[in-house]
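Quick note: the coordinates plus some simple rules give every number you see, no bench work behind them. What you are looking at is a predicted structure, and each value in this text was computed from that prediction instead of being measured. We place every Cβ from the backbone using ideal geometry, glycine too, and count neighbours over all the protein chains shown.
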Amino acid sequence: MAAPAMAQTAPVAPAPATAPAAAAPAAAKPFVAPWLSVAELRKRYADAQSRYMTIRGVEVHYKDEGPRNAPVLFMVHGSLSTLRTWDVITARLKGRYRIIRYDIPGYGLSGRISDQVAATVQPVDIAEELLTRLGVKKVTAVGVSSGGTMCMYLAAKRPDMVERLILSNTPSDPVDTSHLVMPKAFTDGIALAKVRGGYNDRAYWDEYLGFFAGEAARISKRTRDEYYDFNRREPEKHPVALVARIGDGQQATIEMAKVKAPTFLVWGAADPLLPESAANAIARYLKNAQINRMLMPDVGHYPPLEVGERFAAWIDTYVVAGTPKAGATPAPTWAAPRRH
């Protein structure tokens with residue numbers, strides 16, 4: 001932020017009559033945002049595991065790793081994120097699970113969204129068709145933030161496919177940000193982006209990730225760099241068309257009531273946006289599902305980014321031992337001890 005102009009304390013002497021007229025100050029150069037095209041992002045971030053599939057008229061970037069005959073984990077990232085949300089967890093678990101994850105179109109390395117796709121394709125259609133075309137019959141669907149919303153909608157639509165849900169810091173009511181108390185550096189960054197056509201600089205993403213973390217130091221430099229790069233992808237005309245949303249909550253409530261798959265809530269209770277009360281709310285909406293929960297009081301909105309190793313351990317524990325079997329005694333509700 002520029003320092004305020006100092007008050008002039010003495011008059012300026014007039015220039016001699018013979019002096020040439022002062023040149024007019026040069027006009028400030030307009031700001032040019034350093035956007036990255038999808039092609040540039042692919043050149044920078046695609047790797048040997050990157051695959052592409054055209055679904056309903058949009059190109060989807062996905063990864064499919066691990067043994068073909070192993071239990072399948074289907075992982076969905078949240079808004080403003082990419083499938084790289086799950087890198088640590090994939091590295092930890094792909095030896096004994098088949099892990100499928102994808103970039104929601106409009107994000108990451110997936111293609112751009114046309115007017116026709118935005119008007120005719122539902123977000124859950126992409127997830128469902130990706131799994132169907134990969135020949136997958138059963139999955140444990142794992143989602144964080146709006147990625148959890150996608151997983152709930154998939155479970156509601158395809159109860160035959162979704163064996164269980166693992167949800168992390170997922171909204172169940174229309175999202176309200178009015179209670180957030182943001183540091184000045186964060187609000188300054190938001191204001192600056194408005195005059196820069198939506199472009200957020202690297203410093204903004206440091207503030208963003210730090211604000212939503214339980215402990216900012218846990219968010220690696222690599223993750224911060226990736227958030228900056230992927231969120232300077234050339235702007236989309238329909239940026240959230242294929243993101244699963246709660247909207248006004250009316251249809252979402254109906255869909256959540258359809259979910260019967262056993263559900264494990266792995267929750268960052270230090271999340272300023274969706275704290276423990278949001279975990280309680282989603283448990284009420286999923287009234288026909290058996291709920292287990294793990295509350296992590298030191299973790300914020302993005303547990304897979306902040307405590308990936310811990311999150312992977314909870315996934316493995318639940319899939320192996322925590323899922324209730326037909327006719328069995330209900331599994332206990334797990335909760336981390338509260339801080340006092």
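Available extension along the chain between R96 and E309 is 75.1 nm, counting 0.36 nm per residue and deducting the alpha carbon span.
Rounded to the nearest 5, the antiparallel percentage of DSSP beta bridges internal to the range 39-193 is 40%. Near A156, once Lys and Arg are set to +1 and Asp and Glu to -1 for all other residues with Cβ below 10 Å from its Cβ, the sum equals +3. For the range 163-214 versus the range 73-141, the inter-centroid distance based on Cα atoms is 22 Å. Please list, in order, the residues from the range 140-179 whose amide nitrogen is less than 12 Å from a point placed 7 Å along the Cα→Cβ vector of T253. It comes to 173-174, nothing else. Can you list the residues of the range 209-248 with backbone N under 20 Å from a point 7 Å past the Cα of V181, pointing along Cα to Cβ? Residues 209-216 fall inside that zone.
Relative to the longest principal Cα axis of the chain, at what angle does helix 276-285 sit, 0 to 90 degrees, rounded to 10? On a 0 to 90 degree scale, this one is about 50. Relative to the dominant Cα principal axis of the chain, helix 184-195 is inclined by about 80°. The simple spin-label model puts a point 7 Å past each Cα toward its Cβ; for V136 and T54 those points are separated by 2.3 nm.
Based on C-alpha pairs under 8 angstrom that are at least 6 apart in sequence, the chain has a relative contact order of 18 percent. Debye calculation, C-alpha points only, no solvent: report log10 I(q)/I(0) for the chain at q = 0.09, 0.11, 0.12, 0.13 Å⁻¹, in the same order as the q values. Log-scaled intensity ratios, in q order: -0.51, -0.72, -0.85, -1.00.
Taking Lys and Arg as +1 and Asp and Glu as -1, the other residues whose beta-carbon sits under 12 Å from that of A118 total +1. Note on the range 126-206: dipole from Cβ charges, positive end direction compared against T140, L192, S178; the farthest Cα belongs to T140.
Dividing the helix sum by the residues of the chain, where each DSSP H run of 4 or more adds -39500 (n - 2.57), gives a mean residue ellipticity at 222 nm of -9000 deg cm²/dmol. Taking Lys and Arg as +1 and Asp and Glu as -1, the other residues whose beta-carbon sits under 9 Å from that of G268 total -3.
Once the Cα atoms of helix 221-230 and of the chain are each reduced to a long axis, what angle between those two axes, in degrees from 0 to 90 to the nearest 10, is obtained? Approximately 80 degrees, to the nearest ten.
Cβ crowding within 10 Å ranks V307, V121, V175 as V175, V121, V307, fewest other Cβ atoms first. The longest part of the chain holding none of the exposed loop chymotrypsin sites (Phe, Trp or Tyr not before Pro), meaning those outside H, G, I, E and B in DSSP with at most 15 other Cβ atoms within 10 Å, is 36-340.
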